[in-house]
1. If you check Ile71 against the conditions, is it in contact (Cβ under 8 Å) with a residue 40 or more places away in the chain, buried (at least 17 other Cβ atoms within 10 Å of the Cβ) and in contact with a Gly (Cβ under 6 Å, 6 or more places away or on another chain)?
2. Can you find a residue that is surrounded by fewer than 22 Cβ atoms within 10 Å (Cβ to Cβ) and either within 14 Å of the chain's Cα centre (by Cα) or not aliphatic (A, V, I, L, M) (or both) anywhere in segment 37-50?
3. The conditions are (1) surrounded by fewer than 20 Cβ atoms within 10 Å (Cβ to Cβ); (2) under 30 Å from Ile139 (Cα atoms); (3) at pLDDT 90 or above, and Trp92 fails exactly one of them. Which is it?
4. Any chance segment 24-44 includes a residue that's touching a residue at least 24 places away in the same chain (Cβ under 8 Å), in a helix (DSSP H, G or I), touching a Gly at 6+ places or on another chain (Cβ under 7 Å) and over 26 Å from Ile262 (Cα atoms)?
5. Can Ile278 be described as closer than 30 Å to Arg7 by Cβ, modelled with pLDDT of 90 or more and buried (at least 17 other Cβ atoms within 10 Å of the Cβ)?
6. Of all residues being in a helix (DSSP H, G or I) and more than 21 Å from Gly272 (Cβ to Cβ) in segment 128-147, which is modelled with the highest pLDDT? Just the residue, please.
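The values are calculated or read from the model by the stated rules, or taken from the named source; none is laboratory data. What you see is a predicted model, and the numbers here were worked out from it, not measured in a lab. All Cβ positions, even for glycine, are placed from backbone atoms using ideal geometry, and neighbour counts span all protein chains on display.
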Amino acid sequence: MITMDFRSIFLGIFLSIIWSSAFTSARILMSNAPPFLVLSLRFLISGILGIAIARMLGQNFNFSRQEWSGILIFGFCQNVLNLGLNFVALQWIDASMAAIIASMLPLIVAVISWFFLIEKPKIFGILGLFAGMSGVLLIMIDRTADQTKLLGFLLCSIALLALAGATILLGNFFRSEKNLLMIVGFQMFVGFVLLFPLTIIFEKWLINWSMIFIISFVYQILMPGLLGTLIWFLLVKRVGATKSAAFHFLNPFFGVLIAAIILSEPISLKDGISVIIIMSGILAVQLNYPKGLIKK
């Protein structure tokens, strides 16, 4: 049985704030630089820092074949597909919209888990799933009228599916926490190796340098990049994939609030109602399985 202690709850809430704010800082970066260039540099610096700190802590890279497979798979799904597609999409859509789509992670994880684990959802879980999906549709109706915004929505949705798959697989690959920061550093390099050729081929390296750009870039490296990923690995190991994903229940609120404060993105009454519906749906799905769908 997987229990949720105070430390796990604190880490989950802190992670929700970090990931929600990541969309706002990423939106700032995408307004001033090409996406693959920014991500490649972020992964390179984050990877170097992560591995250097891990070595100072006495960690090594004597990974098993299973752990190397996990590093490659998670690095590809999380960094290349999830973050790569989200950063591209943020050229056209609001940070709050991207945060709301990403908040659907626990619902998607639950659906995939039900399908592959042959779990029959209870009526409360089914209602929560429909409520969450309905809330997203309600908030997206007016925001996807423009074709470029619709493309951004589709890219974020594909990114969400990639992260959901990686989340379910994560707990099966990494059995020990002793080299966790080293693992985080190496999976950052996976993103760098795969995305850097794309920026060389497809992008012009034009950056609009400013203090807010530099602050956002440093924040992306240290918080969502290193600390956020490390907390995510720790949570999945402590409480399982489904309970870890449950903290995305807070992402719609934090994502919309942070984007409104920093980017002055508008919040309508319909947006507020939609966010409440989404949060209620995610919470209902989690309460439907109080012991978690994924066992360690």
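1. No.
2. No; the residues of segment 37-50 include none that is surrounded by fewer than 22 Cβ atoms within 10 Å (Cβ to Cβ) and either within 14 Å of the chain's Cα centre (by Cα) or not aliphatic (A, V, I, L, M) (or both).
3. Here Trp92 clears every test but (3).
4. Scanning segment 24-44 turns up no residue that is touching a residue at least 24 places away in the same chain (Cβ under 8 Å), in a helix (DSSP H, G or I), touching a Gly at 6+ places or on another chain (Cβ under 7 Å) and over 26 Å from Ile262 (Cα atoms).
5. So Ile278 fails the test.
6. To start, the set of residues in segment 128-147 that are in a helix (DSSP H, G or I) comprises 128-140, 147.
So of that shortlist, the ones also more than 21 Å from Gly272 (Cβ to Cβ) come out as 129, 147.
Numbers: Leu129: 76, Gln147: 65.
If we take residues in segment 128-147 being in a helix (DSSP H, G or I) and more than 21 Å from Gly272 (Cβ to Cβ), then Leu129 is modelled with the highest pLDDT.
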